[in-house]
Amino acid sequence: MSRCVIIGGSEIRSYPLMRSYFRPDDYVIYCDCGLKHAEALGVSPSLIIGDFDSHPKPENMENVIELPVVKDDTDTIFAVKEAIRRGFSEVLMIGVTGGREDMTLGNIYALLMMRNAGMSAMIADDYSEISIITAGETVRVKWGWRFFSLLNITGKASGITITGAKYNLDNAEITPEFQYGISNEVLSPEADAVISLNEGHLLLVCVRKRV
């Protein structure tokens with residue numbers, strides 16, 4: 001099945017960078033004022049979702065889900081749930097970080113919702129790529145990022161091992177109260193940093209060299 005790309009209304013500074021993420025067969029959901037990015041991204045919507053309190057309602061309401069203004073889900077979270085409902089196994093979110101911190105945090109936690117639904121999910125923005133590492137997985141971080149950081153956003157994250165990095169770990173634990181896994185570095189272009197954990201989830205943030 002094709003990948004689902006969800007586009008929100010947060011600032012995008014480098015449209016060429018964001019355009020580089022798209023694939024020809026992506027199913028693209030624009031969320032309300034995310035439509036302001038459509039022309040610059042050059043990608044047509046497969047579906048539009050929103051209550052249209054921050055962007056004019058499309059004239060053609062085909063392939064539009066109009067939401068009430070008063071609701072539990074934000075437009076973006078509704079789009080995430082729609083991607084889950086439609087059976088996508090992979091989701092990319094752009095235009096969903098920056099600006100309002102509450103919206104940003106809610107969208108980051110949506111990565112955990114999708115992971116718990118068995119999906120692969122990532123946020124890409126002008127500064128970073130953000131994803132979830134789950135117990136039992138092994139993830140490699142390649143040379144070329146300025147930093148990579150690991151944060152505990154779910155409770156207990158233990159049995160953490162990092163090799164090939166400036167700061168390695170062996171069977172460690174990161175707690176929500178003490179986030180010491182920030183600003184690590186891949187040591188060499190010849191070898192990736194390798195991350196794994198035995199229990200819980202970690203947020204992986206790979207920071208670009210130029211921001």
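Just a few scattered comments:
- Once the gyration tensor of the Cα atoms in the chain is diagonalised, the equivalent ellipsoid follows with semi-axes of 32, 18, 15 Å, ordered largest first.
- Order of GLU90, GLU101 under a 10 Å beta carbon neighbour criterion, fewest first: GLU101, GLU90
- Size descriptor for segment 132-207, Kirkwood hydrodynamic radius: 12.0 Å (Cα pairs only, one decimal).
- Fewest-first ranking of PHE78, PHE88, using other Cβ atoms within 10 Å as the exposure measure: PHE78, PHE88
- Counting only Cα atoms, the size of segment 4-126 along its three principal axes is 35, 34, 30 Å, in decreasing order.
- A crude spin-label estimate for the pair GLU177 and LEU112, with each label 7 Å from Cα along the Cβ direction, gives 1.8 nm.
- When both bridge partners sit in the chain, DSSP labels roughly 60% of those beta bridges antiparallel.
- Relative contact order %, the chain, counting alpha carbon pairs below 8 Å whose residues are six or more apart: 19
- Label-point separation, THR161 to TYR21 (7 Å along Cα→Cβ), nm: 3.1
- Pairwise centroid distance, computed over Cα atoms, of segment 37-95 with segment 108-148, Å: 22
- Between PRO16, VAL28, ILE84, the Cα set farthest toward the positive side of the dipole of the chain (charges on each charged residue's Cβ, about the Cα centre) is that of PRO16.
The numbers here are math on the coordinates, done by the rules we state, and not lab data. For clarity, every value in this text was computed on a predicted model and none was experimentally measured. Don't worry about glycine lacking a Cβ; one is built from the backbone with ideal geometry, like all the others, and counts go over all protein chains shown.
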